[in-house]
1. Over the protein assembly as shown, average the accessible area per residue using a 1.4 Å probe and give it in Å², no decimals.
2. In Å², rounded to the nearest 100, what is the total accessible surface buried by chains A and B against each other with a 1.4 Å probe?
3. Per residue of segment B:195-212, what does 6.51 cos²θ - 1.76 cosθ + 1.60 with θ = phi - 60° give for ³J(HN,Hα)? Whole Hz please, x for Gly and Pro, Karplus curve as stated.
4. Taking Cα pairs under 8 Å and at least six residues apart, what relative contact order does segment B:112-221 come out at, in percent?
5. Along the charge dipole of chain B, Cβ charges K/R +1 and D/E -1, which of B:Pro55, B:Gly80, B:Gly27 sits furthest on the positive end?
6. Near B:Lys136, which lysines are there with a Cα under 21 Å away, not counting those fewer than 8 places off in the same chain?
7. Which one, B:Ala42, B:Ala65, B:Ala170, has the greatest fluctuation when you compute a Gaussian network model over chain B with C-alpha springs under 10 angstrom?
8. Separation of segment B:64-110 and segment B:171-206 by C-alpha centroid, Å?
Amino acid sequence: MEEVKLLGFWSSPFVYRVKWALKHKDVKYEYLEEDLWNKKSDLLLRSNPVQKRVPVLLHDGKPIAESIVILEYIEEMWPHNPLLPQDPHERAMARYWMKFGEDKAPILLGFYLNFGEEQEKNVKEAKELLKILEKHGLGENKFFGGDEIGLVDFAFGWIACWLEVMEEAVGVKLSEAESLPRLHEWIENFKKVPLIKENTPDRDRMLSFYKQRREQRRESFISSRAS
Amino acid sequence: MAEEVKLFGLWGSPFSRRVEIALKIKGVKYEYIEDDLQNKSALLLKYNPVHKKVPVLLHNGKPIAESLVLLEYIDETWEGNPNLPPDPYERAQARFWAKFIDEKCLPALWKALFGEESEQEKAMEEALQNLKMLEKELKDKRLFGGGGGGGGGGGEESIGLVDIAANFIAYWVGIIQEAVGAEILNRERFPVLYKWIDELLSCSVIRENLPPRDKMLAYFISRVQAAKASK
């Protein structure tokens, strides 16, 4: 019998990528919540000694870390209900955009992670990146995956379900519907997909969490500047 | 059916060389076009409007960018001598380490070698830590391996995705160290990693697809001098 475990954190969009993929494929798994801020479990530290972070998938005891790597693994292990196109060129394009999302994450999330001048710079650049994503990544498609959702949609799921909560927590708007109409249309469509609708963290809980985290970050920022 | 494969690359770029190595291991015929970074060629801008940089592969007119994405594409498109193993779990491990190299090792190494002085010490520590973890992953293997026939007799001893992804560490770091007068990677600190470097560079397909050492060294020396001059 197959044993699949997912080590996660309730608010993490990276963990949700994996949850969505597992659920899309009807893979039964046991979810284990990690107390990331206080004490990471021995299982997590053993399973991901390099990065010590979630998500980690354990399949029959064998650990896989890094959400994008886990997504590819899930796609290969459970090929039904595919989340990647068959055509090699289209697969390459999907991987390209997932990598784009990973590489640009520090800038895209800079509005939340950073302060002052650096934050301003990040916000400006992030807006440009979202335009690029909309124009070249999404194009005229309903989803990044085409007519149906795929791994790339999961990878950018944070833009659909997390971004506006974080924007509210920080008091900065990154993504305006007027300047990114196609992306906002995608956000609406993505959120309507039953799999997604039924599997996102509670908004109120997220808002208070991100507000709290933002304040903690601000305190660190101020004290690091003072020293 | 005649196939058209073109690679836009840069002689000194490790990312560009990764793709060339993968194509050579597979025996894929391709046309190489050196990109003049100073005046970005119109063709490059057309095919990689997002990142505007090499390497870009053009296969039957369709462009693909990003070296690690290309390594997977090459595996999926052409038969024989794969750079990824068949087992999904092992593939996941290879992808993990290739990602680790690109997202953690390379930026830390680059900052440690070229970063602002205030950042260098921290970057050096991080680079050393990352390299230690990479070295640990090698264990007692000659290569990171997982490939299917590019560098040896097959099985785990053949050049794989991680070996190719780590080309910067195997070749460029040593040259850049000499140019900047730093020492991060040395045989004493990383005996296992150095054995891997020796093994990798002994593979003809790797050796024959690296930029000439003296030319690369001269390039980095002039970069260092230019940086000093602008201060």
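The values are calculated or read from the model by the stated rules, or taken from the named source; none is laboratory data. Because the structure is a prediction, the values reported are computed rather than measured. With ideal geometry, Cβ positions are generated from the backbone for all residues, glycine too; neighbour counts draw on all protein chains shown. Quick note on the areas: whole protein, heavy atoms, side chains included, nothing else; ligands and nucleic acids left out. Shrake-Rupley method; radii C 1.70, N 1.55, O 1.52, S 1.80 Å.
1. Value returned for the protein assembly as shown: 48 Å² of accessible area per residue.
2. 2600
3. 3J(HN,Hα) across segment B:195-212, in whole Hz: 4, 5, 4, 4, 5, 5, 6, 7, 6, 4, 5, 6, 3, 6, 10, 10, x, x.
4. Relative contact order of segment B:112-221: 22 percent.
5. About the Cα centre, the residue reaching furthest to the positive side is B:Pro55.
6. Straight-line reach from B:Lys136, under 21 Å: A:Lys52, A:Lys62, B:Lys99, B:Lys104, B:Lys195.
7. B:Ala42
8. So the two Cα centres are separated by 21 Å.
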